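See structure below.
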2 protein chains.
Amino acid sequence: MRSASIILASALLASAASAEPVAVTPPMGWNSWNHFAGKVSDAVIRAQADAMVRSGMSSVGYVYVNIDDTWEGERDAQGVIHPNARFPDMKALADYVHAKGLKLGIYSSPGPKTCAGYEGSYGHEEQDARTYAAWGIDYLKYDLCGLRVLMAKAATPAAAHQMMVEAYERMHAALLKTGRPIVYSLCQYGKDDVWKWGASVGGNLWRTTEDISDSYLSMAAIGFGQIDIERYAGPGHWNDPDMLEVGNGGMNEEEYRTHMSLWALLAAPLLAGNDLATMTPATVALLTNPAVIAIDQDSRGIQGERVWVKGALEVWVKPLAGGSKAVGFFNRSDRARDTEAEVPLGELGLQGRVHGHDVWNNKELGTLPETLTVRIPAHGVVLLTVSPGPGPQSPSQQH
Amino acid sequence: MRSASIILASALLASAASAEPVAVTPPMGWNSWNHFAGKVSDAVIRAQADAMVRSGMSSVGYVYVNIDDTWEGERDAQGVIHPNARFPDMKALADYVHAKGLKLGIYSSPGPKTCAGYEGSYGHEEQDARTYAAWGIDYLKYDLCGLRVLMAKAATPAAAHQMMVEAYERMHAALLKTGRPIVYSLCQYGKDDVWKWGASVGGNLWRTTEDISDSYLSMAAIGFGQIDIERYAGPGHWNDPDMLEVGNGGMNEEEYRTHMSLWALLAAPLLAGNDLATMTPATVALLTNPAVIAIDQDSRGIQGERVWVKGALEVWVKPLAGGSKAVGFFNRSDRARDTEAEVPLGELGLQGRVHGHDVWNNKELGTLPETLTVRIPAHGVVLLTVSPGPGPQSPSQQH
């Protein structure tokens, strides 16, 4: 545990840095819900923070350790929220996480109650934001849930919409007032096209659909369904197709590779949702491939889009800084045999001479032919980066 | 209310017809959850049944009036489930619904508790099935929810899977034993690729993803995400992309038209989720277009699939009885202007001379050109039926 004087110093630093921009690239980290749900605790969070460092995840950019719903206890006579018995000392926990170079996230609702029926922030926005800042919280996931009950009583849909927007804006103002840089995650299920107004209430990311689940069809329906909202994403404000299920066991390795590749092409937040303390080497490799993460975190912050489809084959392209592009060839069929497809690169918007790099296999492909033959496993992906020109000629020039 | 002697007679008839196949075409009806959630009651159900007849919905095929979660009360000393105070007499309610020529559906979970925390059927499967049959229930939605808690304690994922399959099979056996034809709806969120084993546990339909919500992106992600599972659907056993949101207010008319068209092409169950008692004429028109419903209910029971994509334009085709095809041209972009696209019909698998019919506009198009120019509104659809040959030449031959 860090000494009191060091804690004071870091609190001052954070305060001084209040104008510091957050989520300049899509947030990366971990969240407790997908694996632990109502069983999250101080011990779980410490173990996940330990594992995030030990596994190498933190060295490739994962930084937020986010507590989801069920941490909340009662409000005291002054209305101040306290954690429940599973979180004996939230400030000490934040110190522990910070001492590892990581950041701590928390969860609440704009409604009186959260999804799991715990205390929400309705009518306590400023008080709660102050409490979070005093604890040293760096990220807030704010989940519509409990507000729906109030919205259902609104006189008109327009009034319900107004109620929702104002509730999100209230917490935004409260977070700003703390002077602490806190990522503001709108967990609002895409209601009323949130991508069109999420940034105006200070959202750094906003969920676009209902919850993901740990199955290929759920992941694919959500991921491949992110159509025509690309233009709303960019540095500081991201479309969020929900957290990762990688390593939770409901998909095979090929399917999880698709999940990671697609999220990277979408410039999606990468919040692992598995138990980091017990994950296999294969899961670590899926979560930490640096070239895949570089695609997600590219400084231009452009969300990729679908450019070509034939049968169950989809090709998605994400322009990257420096003029190269990430190109994902996805096979949405689960027929046992690999799919082999001929893809004319000109139809993907790749004109002239280009060279390719196979991202997952870390293999230089040299100059690509005008029509590329790709073989893609069932539910799998081939992920390339493609750059203008002939490219490196020898393995020593691999990136 | 019907007399006791008539009730006895209809119970005998149902028993005699125990081998009667159900869900030969995708089930059509209404379900309480999307609009009423925890506020469903006997009065609500009677009002919806009244409205289903009055609006003309019943005359085009809607027949199931389905009570979702929160009807459950306590079990008595013998373990028999009773409804709560909002449903004073379930048998009388079933009689009321049946007297209108409609059928009544109910809801439970294979777990000890339902999603909303009410009594589930775990360990009471035969008892509950008998109770449902005695009430005159015609449809059971069986929601995984409460079983997840038990599955989470299973030693391995394989053991959890086994637990789930066995739980669904137990209720299937219990339903069969009643001798009453009861549609069996697996609400299981697509876990473990349910389409591969759902029919083996007697499922007549199974949800393929998490819940839909009343927004275009949620509807589109789920609907357009039904890829590569077409072959698992057919008479008696259907993929279920979830209930309809038509009329609930979160989408505009064009978007709801897309919703209906896509569900029809998918041979999806059509379970309205709005308040039938207060719907507008526009909503009635969306829900009851007979030509759209004919596509959904086509006797071949083939689930349509995506055949062509260009940018935000997707074309889906469903083969129909008699050699014609339903063809949906969808514009997934929400840019304000209509999208105009040139579609070479040969690339849709439509060879030779074909004639077309514009379904929503009920307009004969005559012989179609080899390359069709379609203008599609933002988030909208153009839905055609296409048949070989030159087709009818005069408006009087319109179908």
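The values are calculated or read from the model by the stated rules, or taken from the named source; none is laboratory data. These figures come from a predicted structure and were not determined experimentally. Cβ atoms come from the backbone with ideal geometry, glycine included; neighbour counts cover every protein chain shown. Heavy atoms of the whole protein, side chains included, go into the accessibility calculation; ligands, DNA and RNA do not. Shrake-Rupley method; radii C 1.70, N 1.55, O 1.52, S 1.80 Å.
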B:HIS357 vs. criteria open to solvent by less than 30 Å² (accessible area, probe 1.4 Å), at pLDDT 95 or above and assigned to a loop (DSSP other than H, G, I, E, B): no
Candidates B:LEU270, B:LEU345, filtered to the one that is away from chain A (no Cβ under 14 Å) and under 30 Å from B:ARG46 (Cα atoms): B:LEU270
Residue in region B:211-239 that is farthest from the other protein chains (Cβ to nearest Cβ), counting only those that are among the aromatic types (Phe, Trp, Tyr) and open to solvent by 10 Å² or more (accessible area, probe 1.4 Å): B:TYR232
Hits in region A:94-128 (condition: under 22 Å from the mean Cα position of the chain (by Cα), small (Gly, Ala, Ser) and open to solvent by less than 10 Å² (accessible area, probe 1.4 Å)): A:ALA94, A:GLY105, A:SER108, A:SER109
Output for region A:213-237, where each listed residue is part of a loop (DSSP other than H, G, I, E, B) and among the polar types (S, T, N, Q): A:SER213, A:SER215, A:GLN226
Search result, residues across region A:57-93 that are open to solvent by less than 20 Å² (accessible area, probe 1.4 Å) and either among the β-branched types (Val, Ile, Thr) or closer than 25 Å to A:THR25 by Cβ (or both): A:MET57, A:TYR62, A:VAL65, A:ASN66, A:ILE67, A:ASP68, A:THR70, A:ILE81
Residue that is surrounded by the most Cβ atoms within 10 Å (Cβ to Cβ), among those in region B:146-197 that are within 25 Å of A:ALA37 (Cα to Cα) and touching a residue at least 40 places away in the same chain (Cβ under 8 Å): B:LEU186
Restricting region A:108-145 to residues that are out of contact with any Phe, Trp or Tyr (no Cβ under 9 Å at 6 or more places or on another chain) and touching a residue at least 60 places away in the same chain (Cβ under 8 Å), the residue that is nearest to A:GLY203 (Cα to Cα): A:GLY136
Residue in region B:321-338 that is outside the structural domain of B:GLU253 (by TED's automatic domain parsing), touching a Lys or Arg at 6+ places or on another chain (Cβ under 6 Å), crowded, with 20+ Cβ neighbours inside 10 Å and in a strand (DSSP E or B) present: yes
Top-ranked residue in region B:184-199 [being farther than 17 Å from B:ASN31 by Cα and not in a loop (DSSP other than H, G, I, E, B); ranked as farthest from the other protein chains (Cβ to nearest Cβ)]: B:ALA199
Residue match in region B:168-181 (condition: at pLDDT 95 or above, within 14 Å of another protein chain (Cβ to nearest Cβ) and at negative phi): no
Helices (runs of 4 or more DSSP H) contained in region B:37-142 and holding at least 3 residues in contact with a helix residue (DSSP H, G or I) (Cβ under 6 Å, 6 or more places away or on another chain) and over 18 Å from B:LEU271 (Cβ atoms): B:90-99, B:125-135
Hits in region A:310-320 (condition: over 17 Å from A:GLY346 (Cβ atoms) and surrounded by fewer than 20 Cβ atoms within 10 Å (Cβ to Cβ)): A:GLY311, A:LEU320
Residue within region B:273-291 that is touching a residue at least 24 places away in the same chain (Cβ under 8 Å), over 25 Å from B:SER387 (Cβ atoms), touching a Leu at 6+ places or on another chain (Cβ under 7 Å) and not assigned by TED's automatic domain parsing to the domain that holds B:PHE329 present: yes
Long-range neighbours under 8 Å by Cβ, at least six apart or interchain, first residue over 24 Å from A:VAL22 (Cα atoms) within region A:228-251, second in a loop (DSSP other than H, G, I, E, B) and among the β-branched types (Val, Ile, Thr): A:GLU245/A:ILE212; A:GLY247/A:THR280
Residue satisfying all of: in region A:357-372; over 32 Å from the mean Cα position of the chain (by Cα) and of a type in the set (Val, Ile, Thr); farthest from A:GLU255 (Cα to Cα) among these: A:THR367
Evaluation of B:ASP242 against (1) buried (at least 19 other Cβ atoms within 10 Å of the Cβ); (2) outside any loop (DSSP other than H, G, I, E, B) (one fails), failing number: (2)
Members of region A:134-145 that are within 18 Å of A:ASN239 (Cα to Cα) and open to solvent by less than 20 Å² (accessible area, probe 1.4 Å): A:TYR139, A:LEU140, A:TYR142, A:ASP143, A:LEU144
Test set (1) in contact (Cβ under 8 Å) with a residue 12 or more places away in the chain; (2) open to solvent by 60 Å² or more (accessible area, probe 1.4 Å) - B:PHE36 fails condition number: (2)
Residue in region A:45-55 that is touching an Asp or Glu at 6+ places or on another chain (Cβ under 9 Å) and at pLDDT below 90 present: no
Residue within region A:200-210 that is out of contact with any Phe, Trp or Tyr (no Cβ under 7 Å at 6 or more places or on another chain), more than 7 Å from every other protein chain (Cβ to nearest Cβ), of a type in the set (Gly, Ala, Ser) and part of a strand (DSSP E or B) present: no
